[in-house]
Amino acid sequence: MTKNILSIILFLLGVLSCAKDVQIDLPQLPPQLVVDGNIEAGAHPLVLLSMSQPAADTVSLITYLNSVVSDAQVTVVNGTDTFALTPTYIQQLPLESQKRVAEMLRVELEEVVLLPIQIYYSAVLYGAANQTYELCIAHQGKSFKGSTYLPNPSSLDSLYWKREPATIEYGYSWARMTDSFGSADAYRWEVRRIDRNEQGQDLDPIFRRARGGIFSDEFFNGQTIEFYFQNPLKRKDSTHLKTYRRYFRYGDSVVVKLSKMDPAVYLYYDRMDAQLDANANPYATPINIPSNMKGCLGIWAGFSPWYDTLICLD
């Protein structure tokens, strides 16, 4: 037995003595322009520009703020009309646009107004359904273009709250929807509660998207479906039990925002979500995230929203 153990130890020492550090040189790609822009039916366009960072670099708030671009020329073309977008500090935007920037960056409204960055914005352009909008960017001697289409919005047949059998106070939001036949449709589901807190303020000033909140009609084209979504909103009420944090509570008043988008926009967000899910898996296959902006990264997204209010009562 002793001889066998000694042999194993000598073998392991031999293997370890032959081991050496392997240095992997990651390719240093030149910085690329990154676009995070959108336009909604009934709302102004918002475009945030930045420069990409090397993959090996540590990304911090300071490096991100330093990467933001505010010296580009940005326009949006709709038919024969061209609209110039002006770099504008977030604090100077209308409140509804400030909320949309917070939604884009997935930060709180009170935090986004503190960011010392500029968003490209036009006060005279409003998006309209059944229209195409081309984003044109000129920066450092290069030109970039991409277009997005705002389809006609789709409505829900019904929207209701259903109590879960295990509880008398909590349940999911349920909906019934009839998808249009033939066309490839894609949707985004967002919610916010409009109940007021003790100070008389909206409990949720911005919309939030639940996991799976971006979906297409690939498996229900032209059909009527019934589905539910969890509650993605922050549990700000200490009496809302943590066990049911993904449920809506009896008496909640919730605005549902169902937005329609074109296939290119859906593909970008679908691949982006898949990439985020894969980050925690070391064996996942890398995912290329497609862009509808030629020559740069990111997305120019168009959405056509439809709204309804859900009162969580039987």
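The values are calculated or read from the model by the stated rules, or taken from the named source; none is laboratory data. This one's a predicted model, so the numbers in the text were calculated from it and none came from an experiment. No Cβ is skipped: glycine too gets one built from the backbone with ideal geometry, and neighbour counts run over all protein chains shown.
Every residue, every condition in (1) at negative phi; (2) modelled with pLDDT of 60 or more; (3) small (Gly, Ala, Ser); (4) not assigned by TED's automatic domain parsing to the domain that holds Tyr120, yes or no:
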| residue | (1), (2), (3), (4) |
| --- | --- |
| Leu16 | yes, no, no, yes |
| Gly37 | yes, yes, yes, no |
| Leu49 | yes, yes, no, no |
| Pro54 | yes, yes, no, no |
| Asp57 | yes, no, no, no |
| Leu61 | yes, yes, no, no |
| Asp71 | yes, yes, no, no |
| Gln91 | yes, yes, no, no |
| Pro94 | yes, yes, no, no |
Does Ala175 count as surrounded by 14 or more Cβ atoms within 10 Å (Cβ to Cβ), within 23 Å of the chain's Cα centre (by Cα), touching a residue at least 24 places away in the same chain (Cβ under 8 Å) and not in a strand (DSSP E or B)? no
Looking only at residues in segment 101-145 that are assigned to a loop (DSSP other than H, G, I, E, B) and of a type in the set (Val, Ile, Thr), which one is surrounded by the most Cβ atoms within 10 Å (Cβ to Cβ)? Ile117
Being among the acidic types (Asp, Glu), in a loop (DSSP other than H, G, I, E, B) and more than 24 Å from the chain's Cα centre (by Cα): is that true of Glu198 here? yes
Being out of contact with any Gly (no Cβ under 6 Å at 6 or more places or on another chain), part of a helix (DSSP H, G or I), of a type in the set (A, V, I, L, M, F, W, C) and surrounded by 12 or more Cβ atoms within 10 Å (Cβ to Cβ), is that true of even one residue in segment 296-304? no
Which residues, counting only those in segment 44-100, are acidic (Asp, Glu) and either in a helix (DSSP H, G or I) or touching an Asp or Glu at 6+ places or on another chain (Cβ under 7 Å) (or both)? Glu96
Condition (residue is among the small types (Gly, Ala, Ser), in a loop (DSSP other than H, G, I, E, B) and loosely packed, with under 15 Cβ neighbours inside 10 Å) applied to segment 203-223: is it met by at least one residue? yes
